[in-house]
Amino acid sequence: MNKKPETNCECDVCKSRCRRRVGWFLPEQVSKIEEFFNKNISEMIGKELVIDYWASDDLILILAPNIIGNHNKQMPFKAFGQCVFLDPQEKCRIYSNRPYECACADHNTDKNETTHEQIAGEWKDSEILKGLIEFEEPTFLDGLDLMFSLSPYSPFNL
Ligand code: SF4
């Protein structure tokens, strides 16, 4: 993967992302996160961390910061919410170890989706998250719920 340069932008637009949707880690960041918290990621999943996914031909599991209110090991299908690492002063509590996707995102870059897919590619052959959760397939109602969330009438798009 051709890595994008990291950014240090802390404008309101960038901070608002942390209130709405978290960025994704790269597999190579896992050991640094474990070192930072002095815990194994299996102890943190469902608490500080969560397993998100990318569905293409294969289902690819990806590590992410958890969102407030989610106590499951799996990211909710509607993956919107405030990052657990955003502190009351709107600073990132893991800034030096923030997910690669957070580190290279800013309001001047292209849409995040390119990076999202590239990061999923990095997790494709990784064994790190295998066996840590029983992945639950989204239901039809989950799909409807997400469609509403992404519609122009949704509060998530304001
Ligand atoms: S890890 Fe830090 S930069 Fe990334 S979404 Fe959470 S608070 Fe924001």
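Mind listing just one residue for me: the one in the stretch 73-90 that is in contact with an Asp or Glu (Cβ under 9 Å, 6 or more places away or on another chain) and more than 8 Å from the ligand (Cβ to nearest atom) and, of those, nearest to residue 34 (Cα to Cα)? Even if it seems obvious, please write down each step before you answer.
Applying the first criterion (in contact with an Asp or Glu (Cβ under 9 Å, 6 or more places away or on another chain)) to the stretch 73-90 yields 73-79, 84-85, 90.
Still in the running and more than 8 Å from the ligand (Cβ to nearest atom): 73-79, 90.
Values: 73: 17, 74: 19, 75: 20, 76: 23, 77: 26, 78: 27, 79: 23, 90: 23 Å.
The extreme case among them is 73.
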> Is there any pair with a first residue in the stretch 11-23 that is in contact (Cβ under 8 Å) with a residue 40 or more places away in the chain and a second that is in a helix (DSSP H, G or I) and surrounded by 14 or more Cβ atoms within 10 Å (Cβ to Cβ) whose Cβ atoms are under 6 Å apart and which are 6 or more apart or on different chains, and what are they?
Replying inline: 23/101; 23/102
> Which of the following residues is modelled with pLDDT under 75 and basic (Lys, Arg): 111, 73, 124, 130?
Replying inline: 111
>> Cβ contacts < 6 Å: first residue closer than 21 Å to residue 42 by Cα, restricted to the stretch 73-98; second residue among the small types (Gly, Ala, Ser), any location; separation 6+ or different chain. Result?
In response: 73/46
>> When you check residue 68 against the structure, is it away from the ligand (no atom under 16 Å from the Cβ), surrounded by fewer than 18 Cβ atoms within 10 Å (Cβ to Cβ) and on the phi < 0 side of the Ramachandran plot, yes or no?
In response: no
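The values are calculated or read from the model by the stated rules, or taken from the named source; none is laboratory data. These figures come from a predicted structure and were not determined experimentally. Cβ coordinates were reconstructed from backbone atoms using ideal geometry, including for glycine residues, and neighbour counts include every protein chain displayed.
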